[in-house]
Structures are given as structure tokens and as C-alpha cells.
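The values are calculated or read from the model by the stated rules, or taken from the named source; none is laboratory data. This structure is a prediction, so every number in the text was calculated from the model and none was measured. As a convention, Cβ positions derive from the backbone with ideal geometry for all residues, glycine included, and neighbour counts pool all protein chains shown. Ligands, DNA and RNA are excluded from the accessible area calculation, which covers all protein heavy atoms including side chains. Shrake-Rupley method; radii C 1.70, N 1.55, O 1.52, S 1.80 Å.
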Amino acid sequence: MDKLFLSGTFKNFIKPRVFVTDGTTFRLHYRLTALLLTVGSILVSATQFYGDPIQCIQSDDVPKKVLDTYCWVEGTFSLPKAYHKEVGVEVVYPGVDQRDPGDEAVYHAYYQWVCFVLLLQAALFYVPRLVWRSWEAGRLKHLLQQLNKPVLGHCERKQCCENLVRYFRANMTNHSAYAFKYLLCEMMNFVNVIGQICFVDYFLGGEFSTYGVHVLHFTVGTQENRTDPMVRVFPRLTKCLFHRYGPSGDVQKYDSLCLLPLNIVNEKIYILLWFWFIILAICSGISILYKILLLSSQTARYYALRSIARFTPKEHLEKIVRKTSYGDWFVFFLLANNMDVLNFRNVLADLHKDFKEPLLNNDNSEISNV
């Protein structure tokens, strides 16, 4: 098991990144969320394929394995009329009662697909990351050169800083497309998590959108004569109808009770996902609004740059922000997250100093840097 989690895909999830090309909220999507969904899929798969996901009470003349397989494949059902009856007196379990003609039944067949759906969700959370990696194309790695190393010779550091400053002087205000592509990927993350909430809600028959709220109300409120939402959405005991021909050729009906131990795992996974998806959607929305604020406000970019370059004089930062765009700020942000603090401060100092000199074209004509 240790080899499984510390090799291959799982090693890629947990190993530290040499170059960070995105923000914290972005990483929550493709690293933590994708990992949670993948682990959940493995837990469900282990119970489903290597355990007993369903156990049904059978008659003497119906083989147990046949009945279990049939009820697993065809699905089981619960009766809503029995949710509010007293367990042990009127019914044996919430949702389990004698079925009369015309009674409403809620069928449960989702448990066959949970492991595959969780794996699909994990893949969808990784898609924006793949898109951004394709668009980013290693630009940050080339810009950093060796400035991410805290131990660097004076001459090498000076040469790298000069190269970076020359790059910025030649490409100022040309990073807008780079920054907007990242913003688009963040929007993809936000749309994805909202879409996944809606998808899981549809997958669970409209129960997921209010699942966490109902569980909280049940937990903190009076539990007398109330049905546990986890039991209603993920019942542990259900009913199954099995038909067969009898000795005389008549159709015989077997009304069987089925135990679903797999739902004990499912209910924990989905209550965790409910809270996490809500938190993730809120964080993603705030992150997008923050990027839009930076895009529209030079003052906001100044304070944001000041927060990542505390030891740089304020007047230097004001001039740098005034002469650069949102795209340039975004590159500064990525560099600050990957570069040694001292090296980043030297780059900003050299850039401010270079702003005092006119920028010359190839024919030595001055280019306005206002």
C-alpha cells in the first residue's frame, strides 16, 4: 500500500514543485481536490470489488450469490412512506416497509457507479491545470534562470538580474495575454466546481445540493421522529424484488431485504465533498474577484506588490507599478513565489534604476516608457 501511494500518480500529487506557476487556490483544485476524489474512488473500489458490497436475505431455494448479484445489478429501493415511521415498532428500518400497489418507491442504483464517477471528477479537476501548463509553456522557468537558488555567485546573480531587467524593459505591457490565459483557467476551475456540484446533485437524485445542510440540522437539532439524511440518501438497508418461475410455471416473487455496507463509506465521502466543494467554490470566486480588482486598479496592484516585496522602498514600487500593466504584475507575482527574496529585491531595484534610463530602439532612437 505504501508503494501505491508513494509512486506514480500519487507521488506527483504530493511531491514539492520546483517551479510554481499558479496560485494557492488554483492548486487546491488539481492537487488536493483531485487527490481526495482519487482516494475516495480507491476506497469505494476496494470495498466494491474486494469485499461484500451487498448482502441480501434469501429464501432457502434461492442461492445467496444469485440473489446478491441480481439485486446489485438491478438496484434496490426504499419506500418514502416508511421514512417517518417508528423503527422497531412500525418498520424494521427507515424506508423499509410492506409495499402496496401505488406506493412510491425510490430506487438506488448509483452505488454501482460511484467509484467511476469519483475518478471522472478527479480527471475533470485536473483539466484546467493541463490547459494552463500548455499555455504557460515553461516561460517562468526560462525567466527565473538560476534566481530561484538562494546560494548563487555574485557575478551569476548580477548577470541573471540584468537579463531579467532587459527582458522586462523590452516586453513591458506585453504580458496581458499570458495573465488573461491564467485568469481564464481560474474561471474554468470555478465553472468546474459549480458544475460538479450540479452534476453530483443530479447523480444522487437531487439530494446533494442540500445534503450538508440537512445533515447539520439533524446533528444539532432534536433527533426524535426524524430521519437521518445520510440514511435517506445512502440507506444501509433496502428492499429488492426477485422474480422466478416456480415448479408449476407460475411467477414467484421474493421480497428480500438487502444490506449495503458500501453506503457507510459513500455517506462519509459525500458529506466531506459537500463541505469541500462549497469552500472551494467560495475561495475560487473570491480569487477571481481579487484578480479582477487587480486588473482594474493600479492602487490594488501597488499594495499587492508591496505585500510580496516588503523590503523594497515604497517609491520604487510606486514607479514600477505606474509603468507596468496587470500582466507585468502577474509575472512579478509568479517570480516572487519562486525566487529567493534577496534576488527578487535586487531585480526590482535594478528595474527601478533602469527606468531612469531611456529605452533605446535598435536604431538608437528613444522609446517612450511612460
For a protection proxy built on the mean count of beta-carbon atoms within 10 angstrom, sort 305-311, 127-133, 257-263 highest first, please.
257-263, 127-133, 305-311
The chain: calculated mean residue ellipticity at 222 nm from DSSP helix runs of at least 4, using -39500 (n - 2.57)
-19000 deg cm²/dmol
Put +1 on the Cβ of every Lys and Arg and -1 on every Asp and Glu Cβ in the chain; which of Gln146, Ala304, Cys56 then has its Cα farthest towards the positive end of the dipole?
Gln146
What does the accessible area per residue of the chain come to in Å², with a 1.4 Å probe and no ligands, DNA or RNA counted?
54
Taking a 19 Å limit on the Cα-Cα distance, which of the listed pairs Lys323/Lys353; Lys291/Lys319; Lys85/Lys239; Lys291/Lys353 fall beyond it?
Lys291/Lys319; Lys291/Lys353
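Quick one: plug the Kirkwood hydrodynamic radius of segment 254-359 (C-alpha pairs) into Stokes-Einstein at 20 °C, 1.002 mPa s, and report D in µm²/s.
Details: Rh = 17.3 Å.
Calculated translational D: 124 µm²/s.
Which whole number of Å³ per residue matches the convex hull of the alpha-carbon atoms in the chain?
195
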Table column - 3J(HN,Hα) (Hz), segment 87-103, Karplus curve with 6.51, -1.76, 1.60, x for Gly and Pro
6, x, 10, 9, 9, 8, 6, x, x, 10, 7, 5, 8, 9, x, x, 5
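When the accessible area of segment 92-189 is split by element with a 1.4 Å probe, what percent falls to carbon and sulfur? Working shown, then result.
Details: 3160 of 5180 Å².
The computed percentage sits at 61.
Not counting the cut sites, what is the longest span of the chain without GluC sites (Glu not before Pro) that DSSP labels loop and that have at most 13 other Cβ atoms within 10 Å? Present the calculation step by step, with values, prior to reporting the outcome.
Working: sites that count: Glu86, Glu90, Glu104, Glu224.
The reported range is 225-370.
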